[in-house]
Amino acid sequence: MKRCLPLRLKTKYIKTGISFLLAVIDIGLAAALEQGSYAGGRGLGLCLCIAGTIVFTLLIKRLLEQRERRLLVHSGLWGLLMAAAYVAGCLLRRDGTVLDGIGKLPGLLAAVLCLTVPAAACISLFLQGFPRLRERLRRERFGRKAYTPFQAGVFCLAVILLCWLPVFLAYYPSVFAYDAEGQLYQVITGDYSTHHPLLHTLFLGAFFRLGGSLFGSYSTGMALHSVVQMLLLAGTFSAALAYLYARRTSVYLRILLLVFFALFPVNSILALSTTKDVLFSALTLLYTLCLYEFLGEKEEKRPQEQDTDGTFPLPRRKRGLTALWLTVTVLLLLMRNNALYALVGSVPLVCMGLRKHKALRKKYLLLSLAGLCLFGVGNAGLKALTHAQDGSPREMLSVPFQQMARTRVEEEETLSSQMRQELDAYLSSEWVFAAYNPHLADPVKQRAVIHDNPAGFLRTWLRLGLEHPGTYVDAFLDNSVGYWFLEDRTHAQIYGIGTESGFGYLSTDNRPMPAGYEIVENSYLPGLRAFMERIVSENEYQKLPVIRILFAPAFYWWLLCLYLAMALYRKRYRLVLPVAFLVVYYLTLLLSPAALIRYMYPFVTTVPVMCCCLSQQSDCQKGENVQ
């Protein structure tokens, strides 16, 4: 033993030295990548570098001491993905391009590999579940005087509504923003379009007309809309919390989630907003939980369990689950146009995951097909009822327009005369230089011309991309940077910043309506409204070092990635399947015209709940994995 001691100490010192060296290199890389974006003084920057070096050293040393190969592989792969996103985002922000010449590729790869080490070290903590905390949560039990899930849900509903009520009074009658005026123009004129989901246009128009006919005030109609939408969203949150209560999830996690739902400004303000993303996000949460409950059941009928500690038993599948799931699926598809692509893309993934559970796979497939058929019938019925015209196909071409416009702006001098003439047919040089915004496709998309030859447009797009692939990559990354780069701030200033305009992180401006149809603002708590505007319009949340990450749209994508990493590492493969819809839906967002928090709101509502489901004790039973 005495002879081995010096060798162990020597090995320990070597690992500590390697960890410190890597930490210094990583901090230096981070400082170089953040150059020009840090607003603090030199003293504060030096303190942060020292603190970061210490933390990185401890994390890397802990990773080097791990002997489990599976842990190293899983943490390394997800760490590589996070490091690549961080490096790409920093380079876009600093240099305006990810790869400025092929000669810089080795340095770029070296930076990604170096930063992968601390990223993997952080991920390994979550994959292991912070052993002490995980053991404490595992031992947690309900008291003998447990409430029913219904009672727990009612309590959560009351808490959430009480916290949202002051915000409602501050923004009375509603946050009449985003696409509200365009949708209500359709209601007023009777000229409907599928550009926006017809179901949401009719839902919004019903309250608009109700206020005008019964109360003689369209503002009152919007106030009723706010109340109903608050009840629907808060009811969905409370139902999710009641479900977690019934599944014996940790009380600490449920309290944390309740506080998040009740006090996070995004939830309270969007609950009053007229955007379609609010109800769609609530339906996404319900759909995911229904699928989670459906796939979590055994193929055989499970007997009712009886607990010996006086608490209620685990919920078992009821006949109403199928009807609820079908209803939610149809409403989900009717509430967002790109939800159809996400569902169609997720069905094969779930079926592949259930390949060894044929009965369950068959039932899932039949229910999904039934939902798609009912959606088709319902959508056709709404179009026939409203005589709606089809939306423009240009909505699906945001990224191609951005790529062609960026190439025209940055590579105009290198383009051939023939290519310039072809581009003039779609993106005229008279306006494209002034209209191009690297983070917003709408200015170019709304003025671009496709003519009656979409095939010719696609050929031009492809030829231009083959000539300038790097510019195409930068255009795509710049347009979607808010979805994957945690330090991005462009998503909060795409339309502008300031209380007067109502633009910023969230849009709270009051959209203009025709004479006689105005929505009049009447804040009953102007002080609270001014405080909330400082957060969501002036973006003052960005001054808070840690809390600001909660506002980043990319945070909820990486939280979903962490959920997937934990489920895969722990071999709880069936838990991956319920979030397949979210994964495919995220891919559709990468092709959207901009990165906005309202587009990511389905992730804000759903991913935290699924992370709580991942930690629940009842999932630790044997035989639940899909292999």
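All conditions in (1) outside any helix (DSSP H, G or I); (2) crowded, with 21+ Cβ neighbours inside 10 Å hold for residue 168, with the sole exception of (1). Filtering region 380-397 to residues that are at pLDDT below 90, assigned to a helix (DSSP H, G or I) and open to solvent by less than 60 Å² (accessible area, probe 1.4 Å) leaves only 394. Within the option set 289, 279, 285, 256, being in contact (Cβ under 8 Å) with a residue 40 or more places away in the chain, over 21 Å from residue 197 (Cα atoms) and in a helix (DSSP H, G or I) holds for one residue only, 289.
If you check 404, 419 for being open to solvent by less than 30 Å² (accessible area, probe 1.4 Å), farther than 20 Å from residue 591 by Cβ and either assigned to a helix (DSSP H, G or I) or touching a Pro at 6+ places or on another chain (Cβ under 8 Å) (or both), only one passes: 419.
Within region 415-433, the set of residues being farther than 19 Å from residue 469 by Cβ and among the hydrophobic types (A, V, I, L, M, F, W, C) comprises 425, 431, 432, 433.
A quick yes/no check of all residues on (1) over 19 Å from residue 99 (Cα atoms); (2) at pLDDT 90 or above; (3) touching a helix residue (DSSP H, G or I) at 6+ places or on another chain (Cβ under 6 Å):
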position	(1), (2), (3)
403	no, yes, yes
406	no, yes, yes
424	yes, no, no
461	yes, yes, yes
480	no, yes, no
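Would it be correct to say that residue 520 is part of a loop (DSSP other than H, G, I, E, B), more than 17 Å from residue 551 (Cβ to Cβ), at pLDDT 90 or above and aliphatic (A, V, I, L, M)?
Details: part of a loop (DSSP other than H, G, I, E, B): yes; more than 17 Å from residue 551 (Cβ to Cβ): yes; at pLDDT 90 or above: yes; aliphatic (A, V, I, L, M): yes.
For residue 520, the condition - part of a loop (DSSP other than H, G, I, E, B), more than 17 Å from residue 551 (Cβ to Cβ), at pLDDT 90 or above and aliphatic (A, V, I, L, M) - is met.
Every residue in region 423-445 that is without any contact (Cβ under 8 Å) to a residue 40 or more places away in the chain and either in a helix (DSSP H, G or I) or among the charged types (D, E, K, R) (or both), please. Passing the criteria: 424, 430, 432, 433, 434, 435, 443. Inspect region 100-110 for any residue being at pLDDT 90 or above and buried (at least 19 other Cβ atoms within 10 Å of the Cβ) and give the result as yes or no. Scanning region 100-110, I find no residue that is at pLDDT 90 or above and buried (at least 19 other Cβ atoms within 10 Å of the Cβ), so the answer is no.
Per this entry, residue 489 is counted among residues that are surrounded by fewer than 18 Cβ atoms within 10 Å (Cβ to Cβ), of a type in the set (Lys, Arg), touching a helix residue (DSSP H, G or I) at 6+ places or on another chain (Cβ under 8 Å) and without any contact (Cβ under 8 Å) to a residue 60 or more places away in the chain. Restricting the first member to region 378-405 and to residues that are farther than 16 Å from residue 340 by Cβ, and the second to residues that are of a type in the set (Lys, Arg), the beta-carbon pairs closer than 6 Å and six or more apart or on different chains are 394/445; 398/445; 401/445.
When residues of region 259-276 are filtered for being open to solvent by less than 10 Å² (accessible area, probe 1.4 Å) and either on the phi > 0 side of the Ramachandran plot or outside any helix (DSSP H, G or I) (or both), how many remain?
Step one: of region 259-276, the residues open to solvent by less than 10 Å² (accessible area, probe 1.4 Å) are 261-262, 266-275.
With either on the phi > 0 side of the Ramachandran plot or outside any helix (DSSP H, G or I) (or both) added as a condition, the list becomes 271-275.
So the count comes out to 5.
Could you list all residues from region 54-99 that are outside any helix (DSSP H, G or I), open to solvent by less than 70 Å² (accessible area, probe 1.4 Å) and not polar (S, T, N, Q)? 96, 98, 99, listed by residue number.
Just so you know, in region 523-541 the residues that are assigned to a loop (DSSP other than H, G, I, E, B) and out of contact with any strand residue (DSSP E or B) (no Cβ under 7 Å at 6 or more places or on another chain) include one that is farthest from residue 497 (Cα to Cα), and it is 524. If you go through region 542-561 and pick out every residue that is out of contact with any helix residue (DSSP H, G or I) (no Cβ under 7 Å at 6 or more places or on another chain), part of a loop (DSSP other than H, G, I, E, B) and open to solvent by 30 Å² or more (accessible area, probe 1.4 Å), you end up with 3. Checking each residue in region 335-372 for being open to solvent by 70 Å² or more (accessible area, probe 1.4 Å) and among the polar types (S, T, N, Q) picks out only 337.
Is it the case that region 230-251 has a residue that's part of a helix (DSSP H, G or I), free of Cβ contacts under 8 Å to residues at least 60 places away in the same chain and open to solvent by 30 Å² or more (accessible area, probe 1.4 Å)? Yes: one or more hits. Of the listed requirements (1) more than 30 Å from residue 468 (Cβ to Cβ); (2) at pLDDT 90 or above; (3) under 27 Å from the mean Cα position of the chain (by Cα), residue 155 misses just one: (3).
The set of residues in region 215-229 being open to solvent by 10 Å² or more (accessible area, probe 1.4 Å) and either out of contact with any Gly (no Cβ under 8 Å at 6 or more places or on another chain) or at positive phi (or both) consists of 216, 227, 228.
Just one residue in the set 577, 564 is open to solvent by less than 30 Å² (accessible area, probe 1.4 Å) and without any contact (Cβ under 8 Å) to a residue 40 or more places away in the chain; that residue is 564.
The values are calculated or read from the model by the stated rules, or taken from the named source; none is laboratory data. Just so it is clear, the model here is predicted, and its values are computed rather than measured. Note that each Cβ is placed from the backbone with ideal geometry, even for glycine, and that neighbours are counted across all protein chains shown. Surface areas here come from the heavy atoms of the whole protein model, side chains and all, with no ligands, DNA or RNA. Shrake-Rupley method; radii C 1.70, N 1.55, O 1.52, S 1.80 Å.
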